[in-house]
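The values are calculated or read from the model by the stated rules, or taken from the named source; none is laboratory data. Because the structure is predicted, anything quoted here is derived from the model rather than measured. Backbone-built Cβ (ideal geometry, glycine too); neighbour counts: all protein chains shown. Note: accessible area is taken over every heavy atom of the protein model, side chains too, but ligands, DNA and RNA are not part of it. Shrake-Rupley method; radii C 1.70, N 1.55, O 1.52, S 1.80 Å.
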Amino acid sequence: MTLILCIKKNIIYYNDFNKDLDSMVDYILKIKPKIVDFYTMTNSYCTSLLLAEKLKRKKSNIKILLGGPQASLTAIDSMKAFPWIDAIGIGEGELTIRKIVDILIENKSFHNVKGVVYRENNNVCYNGKESLIEDLDSIPMLDYSLVNIEGLVKMPLDVGRGCPFGCIYCSTKTFWQRHFRLKSSERIIKEIKSVIDNYGIRKFNFVHDIFTVNKSKIMEFCKLVLKNNIEIQWDCSARIDTLDEEMIKIMKESGCEHIYLGIETGSKRMQKIVNKNLILSDAEDKIKILNKYKIEVTASFIYGFPEETIDDVRATLRLIDILRREGVKYTQLHLLGILPGTELYENLKDNLVFSNNISDISKDKGIDDFPKNIILNNKSIFCQYFDFESELRENLIYLDTFVAVFYSFLFNNMFMTYKIIMEYYNNELLDFFLDFKIVNYNILYKSENITKIQNTIGTLKKFIFTQNFGKYTSLIKECFEFEFDVFNFMYFDDSEEKVVNCNYNVYDIKKSGVFKDIDIKYPIKIILKRIKDCHIKLNRIV
């Protein structure tokens, strides 16, 4: 949640404040603002509303203004439900913010002003949307002196807006009206140079839902970076069907280091149902090309759709595992969230019930303090906290946590153990999870601290040392212990050398990656020796 104190030109971030809301209210009131404007998203709306109410209660003449996707998409209902809100700006604010601020300060009427929801004579009024900004170059460059960017390594840069695609679960297309726009290459270059000259930052996150829609524009931008000898590193979001090798090659040459790909489901059937419509056979090919040019990838997936079957989820998990093995650096798996402004919400709204089983994208610090009856009575505003009856969603609760924490840790740090476990499960990650959940359900339920390394390893050890893996049982335990020793030596042990005693020939398994039918059981000593650049060397003594 970002709140903007418009008049005093101060911007503060709640996540960085590290104090309770009452302390934050006192801090804001000391600045004596006339208007407090909240940029709202799904995962901050309760906190924004709580803070706004506290401000209004302590100083009634402060004007409360909301903007951003969550407030925009629920504006009329939000104004009716929360009397402490004075106005809500809809959509893009560059064309309307000055009008809104002037009217609020001068207590004038919003009559005939578009792009704002307001109150007049105790009625909630709306004069329609303001047109989207066609020429994004017309927007003034940002004044970064208003923001504390000390220590910032990577600068987020607004390079364009809007996604032309129509996924049924996504509220972005509604907020931006599926209208894709991109700043000119010259304007993006100008902003990059300004940041480099003023702050020395050369790493950029190009903020756009899908930067790579228009190939000719991207090619033009990359060529301009190269022509001007601008040495930068940058990342962006894309779809696999908007990338080809020619484009990837020049993106890399111009500094692209990382791409975020929303693949969402590994099921051909579900690709059509959710209107994502990717050709999944292209995914592996595109990943191989991205690997060829050493561009890191984050691949994002969703599970828990209404029509989804267990076989669809299996297909998604298979694709996650295949892409990781193909070199994808990071994978994300999210439980489907119900968002306002989506076809998904419209299709499900009559069958939604309040639930604690919600997507991680919807979690908000403020929900525990927010009156539950207000949420229950305003489903259209808080649909992100509602769920639909689904045996699959219930059975697969915590699958996202398993993939994010335990699967990723094993894959990244204990690959030998992971491979043998997956051999036992016939490379079905879902079956691995289902057994894992039985053993560790209570730990997953209390998931606040499982991301701590010691807790992650302890939870994995509990599963491995209580599970029967058939003929692989002893070998998996031995490999886990060995890889734990290696991991501990790499990151926590300060000694220069350590001797590890093993009962299996884990040395050959680790070196060759072959583990089928290996049951050689003889004592073996492995010396872990530290070498330069934080690497270690393994030597075997039989």
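Could you run through region 343-365 and say how many residues are open to solvent by 90 Å² or more (accessible area, probe 1.4 Å) and touching a Cys at 6+ places or on another chain (Cβ under 9 Å)? Show your work before the answer.
First, the residues of region 343-365 that are open to solvent by 90 Å² or more (accessible area, probe 1.4 Å): 346-347, 350-351, 356, 363, 365.
When the remaining residues are screened for being touching a Cys at 6+ places or on another chain (Cβ under 9 Å), the result is 365.
The qualifying residues number 1.
Is it true that some residue in region 190-210 is open to solvent by 20 Å² or more (accessible area, probe 1.4 Å), among the aliphatic types (A, V, I, L, M), more than 25 Å from PRO69 (Cβ to Cβ) and at pLDDT below 95?
Within region 190-210, the subset open to solvent by 20 Å² or more (accessible area, probe 1.4 Å) is 190, 193-194, 196-200, 202-203, 205, 207, 209.
Checking the rest, the ones that are also among the aliphatic types (A, V, I, L, M) come to 196, 207.
If we keep only those that are more than 25 Å from PRO69 (Cβ to Cβ) too, we end up with 196.
Narrowing further to those that are at pLDDT below 95: none.
The answer is no; no qualifying residue exists.
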For this session: Output yes when any residue across region 110-124 is of a type in the set (Ser, Thr, Tyr), on the phi < 0 side of the Ramachandran plot and under 28 Å from the mean Cα position of the chain (by Cα), and no when none is.
Result: no
Exercise. So GLN271 clears everything in (1) open to solvent by 50 Å² or more (accessible area, probe 1.4 Å); (2) without any contact (Cβ under 8 Å) to a residue 12 or more places away in the chain except one condition, right? Which one?
Worked result: (1)
Problem set entry | Residue check, ILE76 touching an Asp or Glu at 6+ places or on another chain (Cβ under 8 Å), under 17 Å from CYS46 (Cα atoms) and hydrophobic (A, V, I, L, M, F, W, C) | no
For this session: Identify the residue in region 173-205 that is of a type in the set (D, E, K, R) and not in a helix (DSSP H, G or I) and, among all such residues, is nearest to ASP235 (Cα to Cα).
Result: LYS203
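Does region 253-267 include one or more residues that are among the charged types (D, E, K, R), over 22 Å from the mean Cα position of the chain (by Cα) and closer than 30 Å to PHE204 by Cα?
Keep residues of region 253-267 that are among the charged types (D, E, K, R), which gives 253, 257, 264.
From the residues that got through so far, the ones that are over 22 Å from the mean Cα position of the chain (by Cα) too are 253.
Filter once more, keeping what is closer than 30 Å to PHE204 by Cα: 253.
Yes, the conditions are met somewhere in region 253-267.
When you scan region 277-292, do you find a residue that is of a type in the set (Gly, Ala, Ser), without any contact (Cβ under 8 Å) to a residue 12 or more places away in the chain and more than 19 Å from CYS167 (Cβ to Cβ), even just one?
Checked region 277-292: at least one residue is of a type in the set (Gly, Ala, Ser), without any contact (Cβ under 8 Å) to a residue 12 or more places away in the chain and more than 19 Å from CYS167 (Cβ to Cβ).
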Exercise. Hey, which of the helices (runs of 4 or more DSSP H) in region 254-364, taking only ones fully inside, have at least 1 residues that are of a type in the set (Gly, Ala, Ser) and modelled with pLDDT of 95 or more?
Worked result: 310-326
